[in-house]
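This report concerns only the one structure given below.
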Amino acid sequence: MPPFYELAVARFAQPSSSKPKWAIAVIFSPSSGHSLIYQIVGTATDYSLDAPQSVTLKEGENGYLVKTKVGLVDSERLHKIHTTLASIPVVHGNPAWSSHNWVMEGISALRKVEGYHIDKLITFQWLSEQLGEK
């Protein structure tokens, strides 16, 4: 059986906004925090998918606040994450749409990909509570 990596949603502070940003993270090493982050960047008028970033998730560094596990990915299927997340439409001009919406749509899309095991009970409300938002 191939190894599995943890899938998580990470919460980051945004200096220019009171609303924290969410991102999808693949955790390669839980002990060190070594991860690959997928996120949208920009504002409501110009959001775009950022290139995946290899980062170390440590509280207080680069705005990182907290993460919560949402599932697992088979290491042999990891290559499908980029094309899956890149296929999610990015909404412009709607101030109510944000990284939170993009992450929820990403989770929904990844649930449909073979080798991705994401709990069907994960909701926006559950994520908000787990990430310390009320």
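The values are calculated or read from the model by the stated rules, or taken from the named source; none is laboratory data. On a predicted model such as this, the values are computed, not experimentally measured, just so you know. Methodologically, a virtual Cβ is constructed for each residue, glycine included, from the backbone with ideal geometry; neighbour enumeration extends over all protein chains shown. Side chains included, ligands, DNA and RNA excluded: accessible areas come from the protein's heavy atoms. Shrake-Rupley method; radii C 1.70, N 1.55, O 1.52, S 1.80 Å.
Side notes on the structure shown:
- Loop GluC sites (Glu not before Pro), segment 1-90, which have at most 10 other Cβ atoms in a 10 Å radius of their Cβ (DSSP): Glu59, Glu61
- Axis angle, to the nearest 10 degrees, between helix 99-111 and the longest C-alpha principal axis of the chain: 20 degrees.
- A 1.4 Å probe over all protein chains sorts His79, His117 by accessible area into His79, His117, starting with the largest.
- Over 23 Å apart at the Cα level, from the set Lys58/Lys112; Lys58/Lys80; Lys21/Lys69; Lys58/Lys120; Lys80/Lys112; Lys19/Lys112, are Lys58/Lys112; Lys58/Lys80; Lys58/Lys120; Lys19/Lys112.
- Accessible area per residue, Å², the chain with all protein chains present, probe 1.4 Å: 54 Å²
- Estimated 222 nm signal from helices in the chain, with DSSP H stretches of n ≥ 4 weighted -39500 (n - 2.57), rounded to 500: -5500 deg cm²/dmol
- The portion of the accessible surface of the chain made up by carbon and sulfur, rounded to a whole percent, is 53 (1.4 Å probe; DNA, RNA and ligands excluded).
- Additional length obtainable on full extension of the chain from Glu105 to Glu133, 0.36 nm per residue less Cα span: 8.2 nm
- Filtered GluC sites (Glu not before Pro), segment 80-134: DSSP coil and at most 16 other beta carbons within 10 Å: Glu114, Glu133
- Nitroxide proxy distance, nm - points 7 Å out along Cα→Cβ at Ser32 and Trp126: 3.1 nm
- For the chain, the spread of Cα coordinates along the three principal axes comes to 44, 30, 28 Å, biggest extent given first.
- Relative contact order [Cα under 8 Å, 6+ residues apart], the chain, whole percent: 26 percent
- Accessible heavy-atom area order of Thr68, Thr123, Thr83, highest first, probe of 1.4 Å: Thr83, Thr123, Thr68
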